[in-house]
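Novice: Below is one structure. I have some questions about it.
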Amino acid sequence: MSPSINNRKDEYGEDLSKFGVEVIRSVKSVMPEDMPLIMRMSAIEYIDGGYGLEHSLRIAEKFKEAGVDIFHVSSGGEGVPGTLKPGNYPGYQVPFARAFKEKLGIPVIAVGMLDNPQVAEATLSNHDADLIAVARGMLNDPYWSIHAIKEITGSVNPPSQYSRGIR
Ligand SMILES: Cc1cc2nc3c(=O)[nH]c(=O)nc-3n(C[C@H](O)[C@H](O)[C@H](O)COP(=O)(O)O)c2cc1C
């Protein structure tokens, strides 16, 4: 789906959504009907000349038509250095998630430095995203979600095996 990486001259190069659409339709055809298909997408590329939000939203529209139920919105990931990378601040990818949510009208997952529970809660409460994902925060603390609930609501009921240890 990247015009800067996909140099094919055939129909998969002419229509940058074609490969994704075929994969989505194929996957969807064997999935249980009540199981949502969640797709991770990079909203922008970081490499010089890489695609921007307008492009990813156009492609995402096609992916939605093909059967995607929820988008998990990330950025970058080309594996080569680039200058377009947003600053590494809490919630740095949330505006991308919000743009997908507004444009496509289906649930989105935001990700990227959301491990401060207040920031995570704000992302949900402000309706920037419907779900949030935490990666490095979970590596640091596998009980992140239990601790986050406690910080936000003031109390938590962990599984009884953990109740004497959870602080
Ligand atoms: C060890 C590790 C492995 C990851 N592997 C993938 C991956 O295979 N595919 C992917 O899209 N993102 C991958 N990521 C990126 C995370 O999904 C996430 O988007 C990123 O770390 C930002 O979220 P965070 O600030 O909560 O860590 C990985 C991150 C880490 C730390």
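The values are calculated or read from the model by the stated rules, or taken from the named source; none is laboratory data. Just so it is clear, the model here is predicted, and its values are computed rather than measured. So basically every Cβ, Gly included, is an ideal-geometry build from the backbone, and we count neighbours across all protein chains shown.
Novice: Tell me which residues, restricted to the stretch 108-142, are more than 7 Å from the ligand (Cβ to nearest atom), free of Cβ contacts under 8 Å to residues at least 40 places away in the same chain and of a type in the set (D, E, K, R).
Specialist: Scanning the stretch 108-142 gives Glu121, Asp128, Asp141.
Novice: Against the condition surrounded by fewer than 19 Cβ atoms within 10 Å (Cβ to Cβ) and of a type in the set (Lys, Arg), how does Lys85 come out, does it pass?
Specialist: Considered against the rule, which asks whether it is surrounded by fewer than 19 Cβ atoms within 10 Å (Cβ to Cβ) and of a type in the set (Lys, Arg), Lys85 comes out as yes.
Novice: With (1) in a loop (DSSP other than H, G, I, E, B); (2) surrounded by fewer than 16 Cβ atoms within 10 Å (Cβ to Cβ) as the list, and Leu114 as the residue in question, which single condition is left unmet?
Specialist: Every condition holds for Leu114 apart from (2).
Novice: Confirm whether Arg40 is at pLDDT 95 or above and either of a type in the set (Ser, Thr, Tyr) or not in a strand (DSSP E or B) (or both). Steps first, please.
Specialist: Working: at pLDDT 95 or above: yes; either of a type in the set (Ser, Thr, Tyr) or not in a strand (DSSP E or B) (or both): no.
No; evaluated as a whole, the condition is false for this residue.
Novice: Inspect the stretch 90-106 for any residue being without any contact (Cβ under 8 Å) to a residue 60 or more places away in the chain, over 20 Å from His55 (Cα atoms), part of a loop (DSSP other than H, G, I, E, B) and not small (Gly, Ala, Ser) and give the result as yes or no. Don't jump to the end; show me each part of the working.
Specialist: Just the residues of the stretch 90-106 that are without any contact (Cβ under 8 Å) to a residue 60 or more places away in the chain, to begin with: 90-106.
So of that shortlist, the ones also over 20 Å from His55 (Cα atoms) come out as 90-91.
Going one step further and asking which of them are part of a loop (DSSP other than H, G, I, E, B), we end up with 90-91.
When the remaining residues are screened for being not small (Gly, Ala, Ser), the result is 90.
Checked against the condition, which is being without any contact (Cβ under 8 Å) to a residue 60 or more places away in the chain, over 20 Å from His55 (Cα atoms), part of a loop (DSSP other than H, G, I, E, B) and not small (Gly, Ala, Ser), the stretch 90-106 yields at least one hit.
Novice: Hey, Ala99 hits all of (1) more than 17 Å from the chain's Cα centre (by Cα); (2) away from the ligand (no atom under 15 Å from the Cβ) but one; which does it fall short on?
Specialist: Result: Ala99 passes all but (1).
Novice: Name the pairs whose Cβ atoms lie under 7 Å apart, with the first residue in the stretch 1-28 and acidic (Asp, Glu), the second surrounded by 12 or more Cβ atoms within 10 Å (Cβ to Cβ), and 6 or more positions between them or separate chains?
Specialist: Once the first residue is acidic (Asp, Glu) and sits in the stretch 1-28, its partners that are surrounded by 12 or more Cβ atoms within 10 Å (Cβ to Cβ) give Glu11/Lys18.
Novice: Criterion first (of a type in the set (Gly, Ala, Ser), at positive phi and outside any helix (DSSP H, G or I)) does Gly50 satisfy it? Outline the logic, then answer.
Specialist: Numbers: of a type in the set (Gly, Ala, Ser): yes; at positive phi: no; outside any helix (DSSP H, G or I): yes.
Considered against the rule, which asks whether it is of a type in the set (Gly, Ala, Ser), at positive phi and outside any helix (DSSP H, G or I), Gly50 comes out as no.
Novice: Take the residues of the stretch 55-81 that are over 16 Å from the mean Cα position of the chain (by Cα), away from the ligand (no atom under 16 Å from the Cβ) and assigned to a loop (DSSP other than H, G, I, E, B): which is nearest to Pro117 (Cα to Cα)?
Specialist: The selected residue is Pro81.
Novice: Just checking, how many residues over the stretch 117-167 are surrounded by 15 or more Cβ atoms within 10 Å (Cβ to Cβ) and hydroxyl-bearing (Ser, Thr, Tyr)?
Specialist: Result for the stretch 117-167: 3.
Novice: Right, here's the next one. One residue is enough: does the stretch 28-50 have a residue meeting the conditions over 18 Å from Ala99 (Cα atoms), within 16 Å of the ligand (Cβ to nearest atom), out of contact with any strand residue (DSSP E or B) (no Cβ under 8 Å at 6 or more places or on another chain) and aliphatic (A, V, I, L, M)?
Specialist: Scanning the stretch 28-50 turns up no residue that is over 18 Å from Ala99 (Cα atoms), within 16 Å of the ligand (Cβ to nearest atom), out of contact with any strand residue (DSSP E or B) (no Cβ under 8 Å at 6 or more places or on another chain) and aliphatic (A, V, I, L, M).
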